[in-house]
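One structure is given below, encoded as structure tokens.
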Amino acid sequence: MKQIDKIRALLDEIETEIGSLDDQAFTENFNSLELPDLICSVVDFLQPSLYPYEAAVYWHLFRQSILASGTQYTRTSVRSMMQGVITSSSGQSNGLSYGAVQKALQGLEGKRAISKPGDTNREGTLYKIHLPEEIPSCQELMKQAQELESVQIDPKKEFDFYNVRENRIKVFGRDEYKCHYCGKQLTRFTATLDHIQPVSEGGDNSYDNLVTACLHCNSQRGSRPVMDIIVEKNSQHVSSADTKKPHR
Ligand SMILES: [Zn+2]
């Protein structure tokens with residue numbers, strides 16, 4: 001029982017660490033020059049699956065989070081979204097009813113377009129705005145679009161898939177924005193590229209030599225099993241004096 005609690009605590013710790021790494025990576029990598037591409041993918045892949053009020057609320061939250069602060073988070077309340085987001089189609093009032101906003105938020109949550117990662121306080125509820133590559137209903141559509149595009153990839157003409165931004169996105173798309181090593185769902189702003197054959201060993205920047213990796217797996221330089229990480233963290237806890245790192 002005690003051991004299980006310990007393992008659970010360690011897993012929580014790793015999860016939190018990885019989560020905050022992702023948030024940091026998003027903020028650092030978010031680039032307003034990439035907004036046109038991001039907005040296109042919301043319109044193309046997410047919006048067709050939304051009801052009108054859901055779309056209005058999503059764009060409102062998008063504006064309050066990603067556009068306002070360069071993070072995927074914003075705190076807001078149902079009441080504050082009743083005015084100034086969109087006009088009710090019933091024509092009975094300028095804004096939306098409490099129930100209409102609530103229904104739109106629940107709809108977006110059900111479609112995994114947003115989530116509530118935190119608590120509710122006096123300023124409202126903390127919402128996380130998801131990008132199309134993180135949203136299940138978009139993933140299939142994005143995969144189809146990617147398959148059409150990958151036919152057009154000429155590995156000889158487009159050689160550098162590491163440094164050329166439009167090419168990086170093609171590798172992420174091929175891997176469905178999931179980490180090659182741990183399977184974690186990433187976004188265009190948190191995904192990194194890892195060389196299968198390292199550059200130091202003669203590996204190149206070709207399409208076939210690159211895989212999508214999360215920051216954590218990439219910084220661990222490859223595919224270390226989760227148990228290794230747990231064992232390592234555990235040994236750090238048990239004896240912090242022992243600074244020996246396990247060799248691979
Ligand atoms: Zn990973």
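At 0.36 nm per residue, minus the direct Cα-Cα distance, what do Asp5 and Leu21 gain on full extension? Give it in nm, one decimal, please.
Gain on stretching Asp5 to Leu21: 3.4 nm.
For region 82-145, which GluC sites (Glu not before Pro) pass both filters: DSSP loop (anything but H, G, I, E, B) and at most 14 other C-beta atoms within 10 Å?
Filter output for region 82-145: Glu123.
If the viscosity is 0.692 mPa s and the temperature 37 °C, what Stokes-Einstein diffusion coefficient in µm²/s follows for region 32-130 when Rh is the Kirkwood radius over Cα pairs?
Here the translational diffusion coefficient equals 237 µm²/s.
Counting only other residues whose beta carbon sits under 12 Å from that of Ser97, what net charge do I get with K and R as +1, D and E as -1? Show your work: numbers first, answer last.
Values: positive: Arg79, Lys103; negative: none.
Here the count lands on +2.
Which one of Asn121, Thr192, Pro136 has its Cα pushed farthest toward the positive end of the charge dipole of region 90-199, where Lys and Arg give +1 and Asp and Glu give -1 at the Cβ?
Farthest towards the positive end: Asn121.
On a full-extension model of 0.36 nm per residue, what is the gain between Gln152 and Tyr51, subtracting their alpha-carbon distance, rounded to one decimal in nm? Before the final figure, lay out the partial values.
Details: separation 101, 0.36 × 101 = 36.36 nm, distance 3.39 nm.
Residue separation times 0.36 nm, minus the Cα-Cα distance, leaves 33.0 nm.
What does the charge add up to near Pro36, with Lys and Arg as +1, Asp and Glu as -1, over the other residues with Cβ less than 15 Å from its Cβ? Working shown, then result.
On the way: positive: Arg165, Arg188; negative: Glu34, Asp37, Asp44, Glu166.
Summing Lys and Arg as +1 and Asp and Glu as -1 gives -2.
Would you mind working out the magnitude of the charge dipole of region 32-130 relative to its Cα centre, with +1 at each Lys and Arg C-beta and -1 at each Asp and Glu C-beta, to the nearest 20 Debye?
340
We did not get these values from a lab; they are worked out from the coordinates using the rules stated. What you see is a predicted model; the values in this text were computed from it and never measured. Positions of Cβ are backbone-derived with ideal geometry, glycine not excepted, and every protein chain shown enters the neighbour counts.
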